[in-house]
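Below is one structure, written out as structure tokens; the observations come after it.
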Amino acid sequence: MSSSAVIRVQQQQGLINHNHHSNSTSEKHTISMFRVFLRAFDYIYLLNTKIFFYFLLMFKRFLRFFFGVWTFIFVTLRGSKKKLIQFQSVKYYNCPLQPLSLHRLHFLPKKILVLDLDETLIHSHHDGLSRVATVKPTGPPDFIVRVEIERHPVRFFVYKRPHVDYFLETVSQWYDLVVFTASMEIYGAAVTERLDNNRNILSRRYFRQHCTLEFGAYSKDLAVVNSDLSRIFILDNSPIAYRSYPLNAIPIKSWFFDPTDTCLLALLPFLDALRFCRDVRSVLGMNLHLHQNLMVTSTTGLTTQVVPSSMR
Ligand SMILES: [Mg+2]
């Protein structure tokens with residue numbers, strides 16, 4: 001081989017080596033760029049994940065704050081509404097009767113309205129009784145009755161059903177009122193005395209000893225009060241109390257502490273009209289299906305009625 005040929009071969013080998021070197025450098029460069037890209041992607045992903053969780057956390061905090069504010073507003077407004085309803089003066093306007101109505105009343109004997117006490121006109125608990133947690137008083141009792149039962153002094157904290165005073169005052173002008181309670185006389189008489197408040201509208205009173213014990217519950221015999229069943233009816237929260245006289249009964253929802261209750265007021269128009277009928281059974285008998293349902297649910301324990309405490 002000539003010297004020029006050797007030089008050409010060496011130059012070609014050098015070129016090849018040079019090309020090979022430049023190729024490996026660009027591959028390394030590409031790989032390093034790829035790594036940088038992957039690292040950057042990792043950082044961005046990590047950053048995005050952090051930002052996502054940060055926003056999620058903030059959103060949760062916002063929701064918690066929003067619902068907290070909403071609950072506060074809701075509870076405050078509801079409390080205010082209850083107070084407004086509790087203290088608002090409600091009146092049932094007694095319209096003067098027409099001469100024809102007065103004439104009709106003149107020929108009808110005055111009817112007798114028998115009133116239950118516990119959970120109908122009032123609710124009470126005594127200082128030896130632990131109350132059910134779901135039923136809580138909304139304030140102090142209206143009055144306290146101190147009696148002695150089996151030589152033990154007992155205090156009863158009595159809460160009056162909303163509008164009970166106005167109810168008694170109004171219906172006493174339409175009916176002869178009688179209190180009939182399954183409670184003990186010593187307690188029932190003291191509570192009735194406070195409800196009467198020297199108005200002498202609740203002078204006739206019947207207690208536990210006048211009830212009949214049937215299937216472990218006290219029922220009230222209206223015939224003991226008056227034998228003429230065409231002009232006597234009972235208002236009682238417990239269907240068992242008038243199980244023998246479903247045609248002479250008006251059911252009412254059991255009351256405990258609800259200050260917004262208006263059941264007594266809602267009854268006034270009906271009671272106003274009932275005094276004009278000749279036989280109360282002709283009107284109250286329309287509720288017979290209702291009593292049957294109440295009787296079934298009360299015996300199966302589905303109603304909220306309370307069997308009087310053994311101490312009452
Ligand atoms: Mg009752």
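Read-outs: derived from the displayed coordinates by stated rules, not from any lab. Just so we're clear, the structure is a prediction, and the values are computed from it rather than from any experiment. Virtual Cβ from ideal backbone geometry, glycine too; neighbours counted across all protein chains shown.
Applying a threshold of 24 Å to the alpha-carbon distances of 110/220; 136/160; 60/136 flags 60/136 as lying beyond it. The distance between label points at residue 193 and residue 98 comes to 4.7 nm (points 7 Å beyond Cα on the Cα→Cβ vector). Pull out a ≥ b ≥ c, the square roots of the eigenvalues of the alpha-carbon gyration tensor of region 141-211, then state rounded if a/c is under 1.5, prolate if not and a/b is larger than b/c, and oblate in the remaining case. Since a/c reaches 1.5 but b/c is at least a/b, the shape of region 141-211 is classed as oblate. Amide H contacts under 5 Å for residue 234: 114, 249, 250, restricted to partners 5 or more places along the chain or on a different chain, H placed in the peptide plane at 1.01 Å from N. Here's how it looks for residue 181: its modeled amide H is under 5 Å from those of 206, 207, which are all 5 or more places away or on a different chain. Classification of region 95-299 by its C-alpha gyration tensor yields a prolate form. The axis ratio a/c (a ≥ b ≥ c) is 1.5 or more, and a/b outweighs b/c. Shape class for region 206-254, computed from the alpha carbon gyration tensor (a ≥ b ≥ c): oblate, with a/c not under 1.5 and a/b at or below b/c. Residue by residue, region 154-163 carries 3J(HN,Hα) couplings of 10, 9, 10, 9, 10, 10, 7, 5, x, 6 Hz when phi is fed to the Karplus relation 6.51 cos²θ - 1.76 cosθ + 1.60 (θ = phi - 60°); x denotes Gly or Pro.
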